[in-house]
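Down below is the structure, laid out as C-alpha cells.
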Amino acid sequence: MKITKPRLALIAGILCISIFPILVKLKLAPGLISAFYRMFFAVTLLLPYVLITRSFKIPTLKFTLLAVLCGILFSSDVAVWNIAIQESSATQASLLTNLSPLWVGIGSFLFLKSKPATNFWIGTVVALFGMITLVGFSFFMKLNFDKAFLFAVLSGILYSIYLLVSKNVLSQVDVLTFMTISLTASSIYLGILCYSLDQPFTGFSNTGWFVLLLQAVICQLCAWLSISYATQHMRATRVSLSLLSQAVITSILAWLFLEEQITLQMVFGGIILLFGIRITFYDKTISLKRLFAK
C-alpha cells in the first residue's frame, strides 16, 4: 500500500482524535459544554489565521449552507457522544458510534456516484468483528438500551451523514474555508443550545480549562484539518472505516494513562480490526467467489 499525503493526513488525524475519549472520561466539564468549547476555541484560533493569510474564500451559497449543515451535524455528533460516554462506559459509546462505516456504506450506495467496492463490505465485516472481539463478546450481554445507548447510536448516524455531506462540500471548497464555516456554525449552534439548557459556561478548574483547550487544538483543529484533507482526496467509505482504528490507539492510551487492562483478546481483536481496514485499501477487487472457493 503506497503511503500518500492523504493517507498520512488520515493517520495523523486518527492519532489526534484517539486521545479524545480519554479526555472526556476525566469529566472535568459537562459533555455538552465540553463540545461547545471544543468548537469555540478551535474557531477562535483558526479565524485569525485564515483572515491574515487570506486563505478564506467565500464559496457559493449552496456550498456555504452545506458547510453550515456540516457544522451542525458534527457538533451534534460530538455533543451526543460526549453525553453517551459520560452516562455509560466509553467502551459502549465508542462501539456503537463506530457503527458509522455501515451507515456511510449504505449512504454512499444510495446517494453517491462512487459506490462502495466489494472490498469495503468485506473489510467492514472483518473490522467490526475485530471491534467486537476487542471489547469482548460478554459485553453485549450487558448492553443497556437506555438514553446513553440511543445517543451513541445517534452519534454514529450523525457522523456518517457528516462524512457524506462533507465529501460533497470538499469537492468544491478548500479545507480551511470549509473548517472555518463549519466550526463557526458549530460554535453558534452549541452556544445557543447550552444557553437554552442552562449549561455552566464558567467555574471549571485550571486543569478543566486546559483539557478543553487541548480538545480544541489537538482533537479538533489538528485532527479534523487532517481528516478533512484526507476526505477531500479519498473515498468517504475508506475514511470512515479507517477511523475505527482509533479504538486500538485509545485502548493503548487508556492502558498507559488510566491503568486500564489490555488482554490478549483485546490484542487479537485489534489485529483483526486493523486487518479489516487494510482490506479496504487493497487495490484489486476481492472476488467473493474466489474468496469462498474450495
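The values are calculated or read from the model by the stated rules, or taken from the named source; none is laboratory data. All figures in this text were calculated on a predicted structure; none of them were measured in a lab. Every residue, glycine as well, gets a Cβ built from its backbone with ideal geometry; the counts of neighbours run over all protein chains shown. Side chains included, ligands, DNA and RNA excluded: accessible areas come from the protein's heavy atoms. Shrake-Rupley method; radii C 1.70, N 1.55, O 1.52, S 1.80 Å.
Quick one: which residue in Ser226, Ser182 is under 29 Å from Ile271 (Cα atoms), of a type outside the set (A, V, I, L, M) and crowded, with 22+ Cβ neighbours inside 10 Å?
After applying the criteria, what remains is Ser226.
From Val24, Val68, grab the single residue that is part of a helix (DSSP H, G or I) and at pLDDT 90 or above.
Val68
Any residue in region 162-183 that is in a loop (DSSP other than H, G, I, E, B), hydroxyl-bearing (Ser, Thr, Tyr) and at pLDDT 90 or above?
no
Of the residues that sit in region 276-294 and are exposed (fewer than 14 other Cβ atoms within 10 Å of the Cβ) and hydrophobic (A, V, I, L, M, F, W, C), which one is modelled with the highest pLDDT?
Ala293
I'd like to check something: does region 119-136 contain any residue that is open to solvent by 70 Å² or more (accessible area, probe 1.4 Å), modelled with pLDDT under 75, in a helix (DSSP H, G or I) and among the polar types (S, T, N, Q)?
No.
Do any residues in region 254-278 that are under 20 Å from Leu243 (Cβ atoms) have Cβ atoms under 6 Å from those of residues that are open to solvent by 60 Å² or more (accessible area, probe 1.4 Å) and modelled with pLDDT under 70, where the two are at least six apart or on different chains, and which pairs are they?
Cβ pairs passing all conditions: Ala254/Glu260.
So which residues in region 149-166 are open to solvent by less than 50 Å² (accessible area, probe 1.4 Å) and over 11 Å from the mean Cα position of the chain (by Cα)?
Phe149, Ala152, Val153, Leu164, Val165, Ser166, listed by residue number.
Residues Leu45, Leu15, Leu61, Leu51: which one is within 23 Å of Arg278 (Cβ to Cβ), modelled with pLDDT of 85 or more and either touching a Pro at 6+ places or on another chain (Cβ under 7 Å) or open to solvent by 40 Å² or more (accessible area, probe 1.4 Å) (or both)?
Of the residues listed, the single one that is within 23 Å of Arg278 (Cβ to Cβ), modelled with pLDDT of 85 or more and either touching a Pro at 6+ places or on another chain (Cβ under 7 Å) or open to solvent by 40 Å² or more (accessible area, probe 1.4 Å) (or both) is Leu15.
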